[in-house]
Amino acid sequence: MPISTNGQANEFEQLQQVIQNEVKEIEKWWSEPRWNQTQRNYSARDIALRRGTFDSVTYPSSLMADKLFKVLEKHNNNGTASRTFGAMDPVQITQMAKYLDTIYISGWQCSSTASTSNEPGPDLADYPMDTVPNKCDHLFKAQQFHDRKQFEVRGNATSQAALDDMGPPIDYLTPIVADADAGHGGLTAVYKLTKMFIERGAAGIHMEDQTSTNKKCGHMAGRCVIPVQEHVNRLITIRMCADVMNSNLVIVARSDSEAATLISSTIDTRDHYFIVGATNPEVELSLAETQDLAITQGADGKKLAQIEKEWTEKAGLKLFHEAFADAVNKEDKIANKQAVIDQFNAKVGPLTETSNRDARKLAKELLGYDIYFNWELPRVREGLYRYRGGTQCAVMRARAFAPYADLVWMESNYPDYQQAVEFAEGVKAVYPNKWLAYNLSPSFNWQKAMSVDEQHTFIDRLGKLGYVWQFITLAGIHTTALAINAFARDFRQDGMKAYAQNVQQKEMDDGVDVLKHQKWSGAEYIDGVLKLAQGGVSATAAMGEGVTEEQFKDKSKL
Ligand SMILES: C[C@](O)(C(=O)O)[C@H](CC(=O)O)C(=O)O
Ligand SMILES: [Mg+2]
């Protein structure tokens, strides 16, 4: 938006014209096919006004987002999937680039190995909010460096034969999808986090519908989701930030609702079906009051847990439709009980988004009296409501998120193909073109989950269902752990034989370029820069005569 040349002039017409021109540009951008599946709840003018007077630039991450979009589009058209895993460092991404077309940055891995406060811990997203963006910057810089290094070498080839001898180029610029956790706070934090990711090279980010204060890894207990609209607002905020920054950022909306047991508020009627209430009118004192009373009387943790168990058993905790079915089954006056239950369930289901008020009204019409159902009493001491999600709950949420995200992802507790089918069908019934993501988590016990043959075909089978992006979240730490364990053990026992045979020789056999780590690290590239700066010669060039890498000369392709 080039209005800076205007100096101190205060021209109303001119300012409005500049804004109008920007609005036209933005509208043209939004009419591209890239945005066919995207809904925006604000105008181009809303965005233009927030861009400032600096000329709109295209961030490198936006170009990477375009690339990611194309990669996923192609997989979608072919019924295949981009497969990747959580990368920890430049070594991993350069090796991954040879075989995989996307890179993942895991919040969990960053939490335990790369927090910007250097304080390790489990996956609670309680690390500083620049932790994952910082890792993204680290890896994106390395990608660009290795790309530049390779380009120079190939550019210096003197003939087609020499180029052929180098083999095909490696695409080091593999789009990165990074973990934005639960946004690290409210919407302003979501906005700032998104901005950081765009500035630091992320092609895509994912955000989950957990509370940011109680956030847990998707495979841990005690997960609390936020109301549907609150997460929709996060997704809108991400897109809004990307729009202000002129970025085509890919958004992945994750739902943790499948196994969530808590929700922060009952405000969104779409959640009502899944909120648990007490059904025994004789239980008057809430769980929190009961526990507080016990604490004043000196109860310890064990006693409190027992009190909670007894309280919940007595309170008859149920979802409303279960309470209705139980009431019908107890009602002598109703002859065809199942027909009445079916009549209710046809109107009040996991995907009907019926409010509890309307459900109660219908229940009263069918039963003749009001059902006792109270979701305030069982609230936990932190103030959260009890929630019982499930696959259909995740479908309901994914449908709500779909207009604001490029991909949707249901976090699951088990790698269950049938469940993946149910989720895919549920989403695609309303959004047939929506792309899906799948977490091939090392938190699952894959040995117990399926046969070896099924493990072999799992990704392909999910790909056919529309899961275009699949990732082993933590394969970075697991493979490092395994390799280092084996090497340290063998090294202690066999000394240099362990290194020479199990590392160096294997690098040679497998053509692993890190074998020549001086070259891999870019010593030749940097020497070139040094020589260039000094008119073509340098006595201090690192790769000159005397460099030990001469010893690997016959492995010249590496
Ligand atoms: C994907 C994830 O958010 C991550 O940080 O890697 C974790 C990891 C995992 O358990 O696979 C999660 O799923 O919550
Ligand atoms: Mg995570």
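Counting only DSSP beta bridges with both residues in the chain, the antiparallel share comes to about 15 percent.
Each residue, Thr116 and Glu376, gets one label point 7 Å from its Cα in the Cβ direction; the gap between the two is 4.3 nm. Peptide packing for 223-234, 32-43 was compared via the average number of neighbouring C-beta atoms within 10 Å per residue; ordered from the highest value, the list is 223-234, 32-43. Residues in segment 122-131 carry Karplus couplings, in order, of x, 7, 10, 6, 9, 7, x, 5, 8, 4 Hz; the curve used is 6.51 cos²θ - 1.76 cosθ + 1.60 with θ = phi - 60°, and Gly or Pro positions show x.
Summing -39500 (n - 2.57) over the DSSP H runs of n ≥ 4 in the chain and dividing by its residue number, what mean residue ellipticity at 222 nm do you reach, to the nearest 500 deg cm²/dmol? Could the numbers behind the result be given before it?
Details: 23 runs with 266 residues, N = 558.
So the calculated ellipticity at 222 nm is -14500 deg cm²/dmol.
Testing the spin-label approximation: label points 7 Å from Cα along Cα→Cβ at Thr213 and Asp171. State their distance in nm. With each label point 7 Å from Cα toward Cβ, the separation is 4.5 nm. Listed by chain and number, the lysines placed with their C-alpha closer than 25 angstrom to that of Lys519 are Lys98, Lys135, Lys141, Lys149, Lys497, Lys506, Lys531, Lys553, Lys555, Lys557; residues fewer than eight positions away on the same chain are left out.
Comparing Val244, Ala424, Leu124 along the charge dipole axis of the chain, the residue lying farthest to the positive side is Ala424, per the Cβ-charge model.
Rg and Dmax of the chain, based on Cα coordinates, read 28.5, 101 Å. FRET efficiency for the pair Lys464 and Ala305, taken as 1/(1 + (r/R0)^6) with r the Cβ-Cβ distance and R0 = 35 Å, rounds to 0.15.
Sorting check: for 449-455, 183-189, 200-206, which peptide has the highest mean count of neighbouring beta carbons within 10 Å, and how do the rest follow? It would help to have the intermediate numbers written out before the result.
Numbers: 449-455: 11.7, 183-189: 17.0, 200-206: 27.0.
Those peptides, ordered most packed to least, come out 200-206, 183-189, 449-455.
Spatial offset of segment 396-457 relative to segment 344-368 amounts to 29 Å, using the alpha carbon center of each.
Send over the Kirkwood Rh of segment 36-162, from the inverse of the averaged 1/r over different Cα pairs, rounded to one decimal Å. If you can, show how the numbers build up before the last one.
Numbers: mean 1/r = 0.0555 Å⁻¹.
Hydrodynamic radius (Kirkwood, Cα only) of segment 36-162 equals 18.0 Å.
Distance from the C-alpha centroid of segment 202-264 to that of segment 140-183: 32 Å, rounded to the whole angstrom.
Estimated from the Cβ-Cβ distance and a Förster radius of 45 angstrom, the FRET efficiency linking Thr480 and Asp358 is about 0.25. Taking the Cα of Lys333, stepping 7 Å toward and past its beta carbon, and measuring to each backbone N in segment 347-367: which are under 19 Å? Under 19 Å, as judged by backbone N against the label point of Lys333, lie 360-367 of segment 347-367. Across the chain, the mean sequence separation of Cα contacts (distance under 8 Å, 6 or more residues apart), normalised by length, yields a relative contact order of 16 percent. Tell me which lysines have Cα within less than 17 Å of Lys70's Cα, excluding those fewer than 8 residues away on the same chain? Answer for Lys70, where 17 Å is the Cα cut-off: Lys434, listed by chain and number.
In terms of overall dimensions, segment 269-386 has a Cα radius of gyration and Dmax of 16.3, 51 angstrom.
Per the Cα gyration tensor, segment 19-108 maps to an equivalent ellipsoid with semi-axes of 33, 18, 11 Å, ordered largest to smallest.
Multiplying each eigenvalue of the alpha-carbon gyration tensor of segment 517-558 by 5 and taking the square root yields semi-axes of 20, 11, 8 Å, largest first, rounded to whole angstroms.
FYI, it's all coordinate maths here, none of it is from the lab. Small disclaimer: the values here were computed from a predicted structure and weren't measured. Note that we place each Cβ from the backbone using ideal geometry, even for glycine, and neighbour counts take in every protein chain shown.
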